[in-house]
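Read through the structure below, which is laid out as structure tokens, and then see the notes.
The values are calculated or read from the model by the stated rules, or taken from the named source; none is laboratory data. The structure displayed is predicted, hence computed values, not measured ones. FYI the Cβ positions are ideal-geometry reconstructions off the backbone, even for glycines, and counts take in every protein chain you see. Side chains are part of the model used for accessible areas, which takes the heavy atoms of the whole protein and leaves out ligands, DNA and RNA. Shrake-Rupley method; radii C 1.70, N 1.55, O 1.52, S 1.80 Å.
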Amino acid sequence: MTENELKILAQQLSNPEGEVGKDVAKMMNETNISMTKETIKAMLLTDNEKVLELGHGNAGHLSYLLDFAEDINYTGLEISETMKSEAESINQKYLSQAKFQLYDGKKIPFEDETFDKIMTVNTIYFWESQVDFLNEIYRVLKEHGSFVLTFAKKDFMKNLPFTADFKLYNYEDIELLISQTNFKRMIKSEKEELITSKSGELVKREYNVLTIKK
């Protein structure tokens, strides 16, 4: 890929737009599905819980999430209008218990202590003010609620050709961020998987699934 093509891909990964954005989102859903499923499992969902996902993409994983318990109430927040409409289109039969809406990526538009569980996968690279945003997540999380944060490790991400402008993390970086927030404790789970690179080679992706508690 040319330098300009890589730049366009990076922009689409952070904020998918138009038909190209839909294709990128489909690719992201397929590439990240193992990470997403591990995140959903880590939430330990129970009946009647309210769940918030930050940066849901096309939400091709929603049916998997809703199968974990009865009467889950799901809300997805996105900065991308394309992803909001694509998620609604893909998940039409679930819209009685799921809703998608836009936000600015900084302020979460809900009252304090609204959600039992919150999740996000591979979005932290794009957060503008990490500590402030983590405290926003804390604010809308119910007492004893949990936030599951999943991201690929810096040592893997730094070798990808399109991540030059991403903010990359290892566990120690997140630990430092969390220490500056209102969150009290964090449980770390280290994962790895083999994925196919754009050149067709199998590569090992290492990632963290962090359960962060009030």
Taking 29 Å as the cut-off for C-alpha to C-alpha distance, list the pairs among K117/K153; K93/K213; K167/K213 that go past it.
K93/K213
At a Förster distance of 22 Å, what's the computed FRET efficiency of E172 paired with S129, Cβ-Cβ distance as r, to 0.05?
0.65
Taking all protein chains in place and a 1.4 Å probe, what share, in percent, of the accessible surface of segment 115-214 do carbon and sulfur account for?
46 percent
Can you give the Rg/Rh ratio of segment 65-214, where Rg is from the C-alpha atoms and Rh is the Kirkwood radius?
0.97
